[in-house]
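*Asks:* What follows is a single structure, and I will ask about it in a moment.
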Amino acid sequence: MAEKTAGFERVAIIGLGLIGGSLASAIRQGRLARTVVGYDQKQADLALGLEMGVIDEAAESIAAAVRGAELVVIAVPVRATAKVLREVRSGLEPYALLTDVGSTKASFVDAVKDVFGETPVSVIPGHPIAGSEKSGVTAANPELFSGHKVILTPPETVDPVHLGKLRSLWQGCGATVLTMSVAHHDEVLAATSHLPHLIAFSLVDTLAGEDENLEIFRYAAGGFRDFTRIAASDPVMWHDIFLSNQQAVLRVIDHFTEDLGQLRAAIADQDGATLLRVFSRAKAARDHFSKMLSGQAYVTTTSQKQITFRLQSGDRVSGDIRVPGDKSISHRSIMLGALADGVTEVAGFLEGEDSLATLQAFRDMGVTIEGPDNGHVRIHGVGIDGLQAPRGPLYLGNSGTAMRLFCGLLAAQKFDSRLTGDASLSKRPMGRVADPLRTMGATIETANGGRPPLVIEGGCTLKGIHYDMPVASAQVKSCLLLAGLYAEGTTFVTEPAPTRDHTERMLAGFGYDVRREGATASVTGGGRLTATAIDVPADISSAAFFLVAASIAPDSDLTLRHVGMNPTRVGVINILRLMGANIEVLDEREVGGEPVADLRVRSANLKGIRIPMDDVPLAIDEFPVLFIAATCAEGTTVLQGAEELRVKESDRIQVMADGLAQLGVKTEVTEDGIIIVGRQAISGGKVDSQGDHRIAMAFAVASLVATGEIEVTDCANVATSFPGFVELAQSVGIQIATEEEEQ
Ligand code: S3P
């Protein structure tokens, strides 16, 4: 045995089945205890355990096994626990820590109370979420827990030293340790483990009992095999689990029975819409299972990874490209399509994490949405009052737009809802929407400082108000207009400066009467939306990276197709042109209520400017890359009136200034902007994007003119707005490579 041991001198494992045997061998392999002593009521298994090297010592009785042990692990079927504990009691040392590995925790705690009464004993119930349909000591596998989770359910009075030692033991076996309450554990496991086992046992039994059972099993192909693998699990163990976790299991069985009944009824009634809705929601959930489990954006696998951009200097930028669909319009297409009467077809939908989070949230509220499939989405609208209560919180990932617009929409629903987001979204101010909505009659709770998560009470009656927005924000305006669809009377929103008007345009496209007088937009509640077709233009905010890239890299000539040219979004073109950029606007046309054009951009000698304040809200998302343009320009660029940049996905003024400083570029940060003296050399270096997609892409553009390699870290969120950025950037001449690391 090991010279040095981590943690424990002597560990006793009672029960050398699959889990007990695997734990014993993992402890031995990892040298996590000096001696592992085992006991099993089956003498042959005990002898085998010793012979196979699963344990160091075989004990003749439970009392003998636990004598002198600092840690005692009960690894027997849960219904045998009380009997085993009675024997443990006679040999248990006063200093010993007692744990178990059973699938139900309340039953273990009850058994300990029964056996030990008031006698103090240190107990930390445990449950490794690992297993296999195999059983017995011969299946013992020291790697069984590696990469798996172990749940510990310590009492509030737990000794932190004990908890620390048990945690290290499981970590030493390769597991990740979580802690939760006994009751929560039993509820969660009833749904995620116990119910699936019950269904598998039941299905196999049903089919085995059919007259044609042989025929059925002969032809049962992969699906049946995959689905029923767990029906070969140990019947004794499972019979114990169901009897021990009775209440929680009954609750999920009832829920499942009800849902199965609904599917049965849908089939009986030829109700394809219900089947499609349930199946597409389930498919999306299954496809994004791992993300859901880790509480991350639900929709792709990228943000689970750490992505680093590695960039070499480039020369010219050229090509003919189309960037992905507009994020703002994509969000709104799903929202209004869901609330409309009829089927809305969307083309050019942005398949980025932000807009996909919106799509998923509507699926969670009972809307059938087909796709996205190459930018095509078909939304089966449920009508203005047709949303259903989601079963859990709506997780909106990184998306401020989704959270703020949802807030308005949900404030007027019959049901309660809860909105959550990732770490960046959880820091963003929501008071700006919650406050005016409260004035309309909504009940919304925010966390400290008006931050997410948001809890929105259903059943409130909203009244139209006239709101003078203190900040120029399209999200706030859109939130209130959406709430206004449900409010009594008319909701007026006045903006201090023009902001993007996609909500107003799209509402009109869905046949809703939206009025505009000067700086005030208004809607009157009580109308309906009629489904329509939407063609989402390419996102000018994504095109902006390439407008700057082709402007600063010498000899460049790049064409960007089908770019959205809504006058409330073209600030970046106005600013770049003022700086001397060579941007031609070609083939201007209107597509589904939004102006669109092709843009040809060629290299230019940019000049520093004082950025007109009027253009600030019209270019609000484009400043990170505009700062790169300013660094390359001749003369000084001054930005003022842009304090909003500090509450985007990151503090974009500070994070850009910090990143530029890493590359040897000096800037002067002001409260509401920045001053950049141009023609500074950009050196190589390492930049932290702070998980902000637009910062990461801005520095990718900077690499074109850098004198050395630039490394940009924390870039996974580029997928929120610009899936395929790296490939597209490579195709036009940006020397970008990515490195990925699982988190
Ligand atoms: C957006 C509005 C802007 C913008 C965001 C998208 C929208 O936010 O920055 O990326 O779709 O309405 P603010 O309204 O906070 O300025």
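The values are calculated or read from the model by the stated rules, or taken from the named source; none is laboratory data. Not measured: the values here are computed from a predicted model. Quick reminder, even Gly has a Cβ in these numbers, built from the backbone with ideal geometry, and neighbours come from all protein chains shown. Accessible surface is based on the protein model in full, side chains and every heavy atom, while ligands, DNA and RNA are left aside. Shrake-Rupley method; radii C 1.70, N 1.55, O 1.52, S 1.80 Å.
*Asks:* Contact list please: Cβ distance under 6 Å, first residue in segment 610-629 and open to solvent by 20 Å² or more (accessible area, probe 1.4 Å) and near the ligand (Cβ under 10 Å from one of its atoms), second residue not in a helix (DSSP H, G or I) and not β-branched (V, I, T), pairs at least six apart or on different chains.
*Replies:* Hits for this filter: P617/A472; P617/A497.
*Asks:* Taking segment 41-71 on its own, how many of its residues are in a helix (DSSP H, G or I), open to solvent by less than 40 Å² (accessible area, probe 1.4 Å) and closer than 18 Å to A139 by Cα?
*Replies:* Result for segment 41-71: 3.
*Asks:* Would you pick out the residues in segment 630-660 that are under 20 Å from F699 (Cα atoms), touching a residue at least 40 places away in the same chain (Cβ under 8 Å) and either open to solvent by 20 Å² or more (accessible area, probe 1.4 Å) or acidic (D, E) (or both)?
*Replies:* C632, E634, T636, V647, K648, E649
*Asks:* List, please: which pairs have Cβ atoms under 8 Å, are six or more places apart or on different chains, and start with a residue in segment 442-458 that is among the aromatic types (F, W, Y) and end with one that is crowded, with 21+ Cβ neighbours inside 10 Å?
*Replies:* Final answer for the pair search is none.
*Asks:* Condition first: away from the ligand (no atom under 16 Å from the Cβ), over 21 Å from I620 (Cβ atoms), without any contact (Cβ under 8 Å) to a residue 60 or more places away in the chain and in contact with a Gly (Cβ under 9 Å, 6 or more places away or on another chain). Can you find one or more residues in segment 394-405 that meet it?
*Replies:* no
*Asks:* Here's something else I'd like to know. Any idea which residue in segment 418-429 is nearest to the ligand (Cβ to nearest atom), counting only those that are open to solvent by 10 Å² or more (accessible area, probe 1.4 Å) and not in a loop (DSSP other than H, G, I, E, B)?
*Replies:* K427
*Asks:* May I ask you to list the residues in segment 539-557 that are surrounded by fewer than 24 Cβ atoms within 10 Å (Cβ to Cβ) and touching a strand residue (DSSP E or B) at 6+ places or on another chain (Cβ under 6 Å)?
*Replies:* D557
*Asks:* Starting from segment 467-486, take each residue that is of a type in the set (D, E) and list its partners that are more than 11 Å from the ligand (Cβ to nearest atom), counting only C-beta distances under 7 angstrom and pairs at least six apart or across chains.
*Replies:* The qualifying pairs are D468/T494.
*Asks:* Given the condition outside any helix (DSSP H, G or I), within 16 Å of the ligand (Cβ to nearest atom) and buried (at least 23 other Cβ atoms within 10 Å of the Cβ), answer yes or no: does some residue in segment 430-441 qualify?
*Replies:* yes
*Asks:* Could you check segment 510-533 and list, in sequence order, the residues that are away from the ligand (no atom under 16 Å from the Cβ), not aromatic (F, W, Y) and not in a strand (DSSP E or B)?
*Replies:* Once the filter is applied, which keeps residues that are away from the ligand (no atom under 16 Å from the Cβ), not aromatic (F, W, Y) and not in a strand (DSSP E or B), segment 510-533 yields G511, D513, G518, G525, G526, G527, R528, L529, A531, T532.
*Asks:* Which ones in segment 691-716 are part of a loop (DSSP other than H, G, I, E, B), in contact with a strand residue (DSSP E or B) (Cβ under 9 Å, 6 or more places away or on another chain) and of a type outside the set (D, E)?
*Replies:* Once the filter is applied, which keeps residues that are part of a loop (DSSP other than H, G, I, E, B), in contact with a strand residue (DSSP E or B) (Cβ under 9 Å, 6 or more places away or on another chain) and of a type outside the set (D, E), segment 691-716 yields A706, G708, C715, A716.
*Asks:* Suppose we filter segment 219-235 for residues that are surrounded by 14 or more Cβ atoms within 10 Å (Cβ to Cβ) and assigned to a helix (DSSP H, G or I); how many remain?
*Replies:* 6
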